[in-house]
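The values are calculated or read from the model by the stated rules, or taken from the named source; none is laboratory data. In this text the structure is predicted, and so the values were computed from the model without any measurement. Heads up, the Cβs are rebuilt from the backbone with ideal geometry, glycines too, and the neighbour counts pull from every protein chain shown.
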Amino acid sequence: MEIIGDTALVTGGGRGIGRAICTELASQGLDVVVADIDADGMAETVAELEEYGVRALAVDADVSDETSVRDAVETAEEAFGAIDVLVNNAGIAGPTKDVEDVTAEEWDATLGVNLRGAFLMSRELVGGMKSRGYGRIVNISSASGKRPVPQRSPYTASKSGLLGLTRTLAVEGGPHDVNANAVCPGSVAGPRIDRVIEREADARGVSAETVADEKRAKSPRNEFVQPEDVARTVAYLCSTAADRVIGQSVNVSGGKVTY
């Protein structure tokens, strides 16, 4: 499996799935730009990447802010030149509430990071990819973008919208060898799902252990997905092995979603 190109930019690369993706791409020999708002997390990721003998750069980026995205891309391109691979991973969980209780501010904040952020970053980079005749974009959606989750309307809407953005990027970029695909993880082990479980448990008046058991049980293997599972799938979609995989939404959900 070979990844053509030299440099990847990964949003939300400071921890969790994002850090695993950065590490996997670095292990394949790519230089990596780690874009995040978490300075400490980015520093830890960069330190890990340097062990692979590649160049790594931390860039502050609020993906929901147009100016911040432009500045981040400018910094990345000045340091490393062209960006060949973009992974739109930055995301937030949003509120755990019934639709009627969600505020407009909560809705906007969730879609601002999860969907607007992917649009802004893709818009900044896809033109250069087309002009060079090569690029790979992978958007980290969610099983929740296919299988709705109660009390998570902003999150599920943002992740569903990300699938539509992916397909449009794919048909526009395909003639230029710019492939776009999405990965749809299920519940991924780590601090984020722990926080989601705690909020859901509070909202329902049950224990966190009960909610965690229910989420694991949605997988035929009765387990959570690991960040490395997602990272390996991202690397595959960026490789020559996936040259004809275009506009797809690949489930990495442990069987939680099978369509």
(message) For the condition out of contact with any helix residue (DSSP H, G or I) (no Cβ under 9 Å at 6 or more places or on another chain), of a type in the set (A, V, I, L, M, F, W, C), modelled with pLDDT of 95 or more and more than 25 Å from residue 98 (Cα to Cα), what is the one hit in 170, 182?
(response) 170
(request) Read through the list (1) surrounded by fewer than 17 Cβ atoms within 10 Å (Cβ to Cβ); (2) farther than 15 Å from residue 145 by Cβ; (3) free of Cβ contacts under 8 Å to residues at least 40 places away in the same chain; (4) among the small types (Gly, Ala, Ser), then give the number of the only condition that residue 203 fails. (result) (3)
(message) Checking residue 14 against (1) surrounded by 20 or more Cβ atoms within 10 Å (Cβ to Cβ); (2) outside any loop (DSSP other than H, G, I, E, B); (3) small (Gly, Ala, Ser): exactly one of these is not met. Which one?
(response) (2)
(message) As an exercise: evaluate residue 194 against (1) farther than 23 Å from residue 115 by Cα; (2) among the charged types (D, E, K, R); (3) in contact with a helix residue (DSSP H, G or I) (Cβ under 9 Å, 6 or more places away or on another chain) and give the number of the one condition it does not meet.
(response) (1)
(request) Among the residues of region 219-240, count how many are closer than 20 Å to residue 17 by Cα, out of contact with any strand residue (DSSP E or B) (no Cβ under 9 Å at 6 or more places or on another chain) and of a type in the set (Lys, Arg). (result) 0
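One residue is enough: does region 100-114 have a residue meeting the conditions part of a loop (DSSP other than H, G, I, E, B), within 21 Å of residue 182 (Cα to Cα) and of a type in the set (A, V, I, L, M)?
If we filter region 100-114 for residues that are part of a loop (DSSP other than H, G, I, E, B), which is where we start, we get 102-103.
Subsequent filtering for residues that are within 21 Å of residue 182 (Cα to Cα) retains none.
No, region 100-114 contains no residue that is part of a loop (DSSP other than H, G, I, E, B), within 21 Å of residue 182 (Cα to Cα) and of a type in the set (A, V, I, L, M).
Only one of 247, 255 is modelled with pLDDT of 95 or more and on the phi > 0 side of the Ramachandran plot. Can you tell me which?
One residue alone meets the criteria, 247.
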(request) Report, by residue number, each residue of region 118-136 that is surrounded by fewer than 24 Cβ atoms within 10 Å (Cβ to Cβ) and either outside any helix (DSSP H, G or I) or at positive phi (or both). (result) 133, 134
(request) Residue by residue through region 112-130, note down the ones that are free of Cβ contacts under 8 Å to residues at least 40 places away in the same chain and not charged (D, E, K, R). (result) 127
(message) Criterion first (under 30 Å from residue 5 (Cα atoms), modelled with pLDDT of 95 or more, in contact with a Pro (Cβ under 9 Å, 6 or more places away or on another chain) and assigned to a helix (DSSP H, G or I)) does residue 234 satisfy it?
(response) no
(message) When you check residue 175 against the structure, is it assigned to a loop (DSSP other than H, G, I, E, B), surrounded by fewer than 19 Cβ atoms within 10 Å (Cβ to Cβ) and of a type outside the set (D, E, K, R), yes or no?
(response) no
(message) Quick check on region 63-70. Is at least one of its residues of a type outside the set (A, V, I, L, M), under 22 Å from residue 157 (Cβ atoms) and buried (at least 19 other Cβ atoms within 10 Å of the Cβ)?
(response) yes
